[in-house]
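Participant: Here it is: the structure, laid out below.
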Amino acid sequence: MDNAPGKRISMERDDTASPDLILRDPLALDRTKLAYQRTMLAYLRTAIMLLVSGVTLIKVFHSETVVVISGIALLPISLIVAGIGLVSFLMTKRRMKNLYNPPGSIE
């Protein structure tokens with residue numbers, strides 16, 4: 001059987017993976033990449049919604065002091081959420097790269 005579990009294959013479709021990976025490893029790597037990209041998009045979506053909500057509160061309820069303060073508070077919170085998402089994305093990306101291409105390995 002060509003696709004038997006544990007059979008070693010060449011990695012011609014993905015230059016970043018080690019040639020020693022078995023068939024299910026590149027598929028797991030692809031699923032993991034998609035998962036952390038999806039997580040990054042969720043962080044960005046949340047940050048954009050917080051930003052839009054803050055601006056809306058400031059513009060629509062400009063005469064209500066408490067609501068305007070709440071809107072102003074949402075602006076930096078949205079930037080913090082976007083920053084957390086970006087840092088998480090970059091750390092996971094680096095961790096995955098080091099896992100499948102350890103330092104000192106031949107690429």
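Participant: Which residues, taken from region 21-52, are over 29 Å from residue 78 (Cβ atoms) and more than 15 Å from the chain's Cα centre (by Cα)?
Facilitator: Hits for region 21-52 are 21, 22, 23, 24, 25, 26, 27, 28.
Participant: I'd like the residue in region 78-95 that is among the hydrophobic types (A, V, I, L, M, F, W, C) and exposed (fewer than 15 other Cβ atoms within 10 Å of the Cβ) and, out of all such residues, is farthest from residue 46 (Cα to Cα).
Facilitator: Restricting to residues being among the hydrophobic types (A, V, I, L, M, F, W, C) and exposed (fewer than 15 other Cβ atoms within 10 Å of the Cβ), the top hit is 91.
Participant: Check region 88-103 and report whether any residue there is hydroxyl-bearing (Ser, Thr, Tyr), at pLDDT below 80 and in contact with a Pro (Cβ under 7 Å, 6 or more places away or on another chain).
Facilitator: Checking region 88-103: not a single residue is hydroxyl-bearing (Ser, Thr, Tyr), at pLDDT below 80 and in contact with a Pro (Cβ under 7 Å, 6 or more places away or on another chain).
Participant: Here's something else I'd like to know. Out of region 49-66, which residues are among the hydroxyl-bearing types (Ser, Thr, Tyr) and assigned to a helix (DSSP H, G or I)?
Facilitator: 53, 56, 65
The values are calculated or read from the model by the stated rules, or taken from the named source; none is laboratory data. Model, not experiment: these values are computed from the prediction. Cβ atoms come from the backbone with ideal geometry, glycine included; neighbour counts cover every protein chain shown.
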